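Just below is one structure, and these are the notes that go with it.
Each reported figure results from applying straightforward, stated rules to the coordinates on display, with no laboratory input. Not measured: the values here are computed from a predicted model. All Cβ positions, glycine included, derive from the backbone under ideal geometry; neighbour counts span all protein chains shown.
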């Protein structure tokens, strides 16, 4: 299955600032997915990132707040902009693996906004 | 749209007890079904999957069978260990490739010695 390197693993940020999260995959993938896991809750898809086109955002998430870049088939970034304490969550990237391996997730970025 | 309903937690069991975590789904077509596990302080790991009706996924002593007639994918293990303590998520995706995962709410499992 694919291996994803995600960084930073955690950060504590001041409100009003922005944080960019990076995901590097060890193989070329068509789509990358960005999820949010709020404290004690399940995962919610933020957006789907396809190389060479604008990301597709789920209801409740907007590009101004969560801009995404996908410059090539192995890399993507998610920026959390103008942060507030409500943005404190774990953010995870994911890709679909080979047929027998399901979806692979990065190790996550634990964000705390103070 | 797609949805996953998962047994609410938390669940606390004694070591060597039998485990069942219920999961039912609503989806169009023939989704793929997954169980993911999240150990404390770690990311999500795929535990097992099934891609068509009557398939049984298994891994690390855990099993789940894709039941289309009951739209269920219950997770079972015959004898749990303390190291199984984690949060378990049931999830589904469409079968056309590169489709998003829809997750259940997660079930926190604690195994006491």
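Peptide B:99-106 has a mean shielding of 6, counted as Cβ atoms of other protein chains within 10 Å of each residue's Cβ. Spin-label pair residue B:71-residue A:22: with each label point 7 Å from Cα along the Cα-Cβ axis, the two points sit 4.4 nm from one another. Which one of B:16, B:42, B:76 has the biggest mean-square fluctuation once chain B is modelled by GNM with Cα springs under 10 Å? Between B:16, B:42, B:76, it is B:42 that shows the largest mean-square fluctuation. Computed from label points 7 Å out along Cα-Cβ, the spacing between residue B:56 and residue B:26 is 3.1 nm. Name the shape class, rounded, prolate or oblate, that the alpha-carbon gyration tensor gives for the range B:59-113, where a ≥ b ≥ c are the square roots of its eigenvalues, rounded holds for a/c under 1.5, and otherwise prolate holds if a/b is larger than b/c and oblate otherwise. Note, shape of the range B:59-113 comes out prolate. The Kirkwood hydrodynamic radius of chain B, based on inverse pair distances between different Cα atoms, is 14.0 Å. Inter-label distance, residue B:45 to residue A:15: 3.8 nm, where each label sits 7 Å from its Cα along the C-beta direction. The overall shape of the range A:23-69, judged from the alpha-carbon gyration tensor, is oblate: a/c is not under 1.5, and a/b is no greater than b/c.
Per residue of B:55-67, how many C-beta atoms from partner chains lie within 10 Å of its own C-beta, taken as a mean?
On the way: counts 0, 0, 1, 0, 0, 0, 0, 0, 0, 0, 0, 0, 0.
Mean shielding by partner chains, rounded to a whole number: 0.
If each Cα of the protein assembly as shown is one equal point scatterer, what is log10 of I(q)/I(0) from the Debye formula at q = 0.07 Å⁻¹? These q points yield log10 I(q)/I(0) values of -0.22. With a ≥ b ≥ c taken as the square roots of the eigenvalues of the C-alpha gyration tensor of the range A:62-114, please select rounded if a/c is under 1.5 and otherwise prolate if a/b is larger than b/c or oblate if it is not? Taking the square roots of the gyration eigenvalues as a ≥ b ≥ c, the range A:62-114 is oblate.
Partner chain Cβ atoms within 10 Å, averaged over the residues of A:24-37 - can you pull that number for me?
Numbers: counts 0, 0, 0, 0, 0, 1, 2, 4, 1, 4, 0, 4, 0, 7.
Partner Cβ neighbours, averaged per residue: 2.
From the mean inverse distance of alpha carbon pairs (Kirkwood) and the Cα radius of gyration, derive Rg over Rh for the range A:1-106.
A ratio of 0.95.
If you count, for each residue, the other Cβ atoms within 10 Å and average over each peptide, how do A:104-110, A:69-75 line up from highest to lowest?
Values: A:104-110: 21.7, A:69-75: 15.0.
Ranked from most to least packed, the peptides come out as A:104-110, A:69-75.
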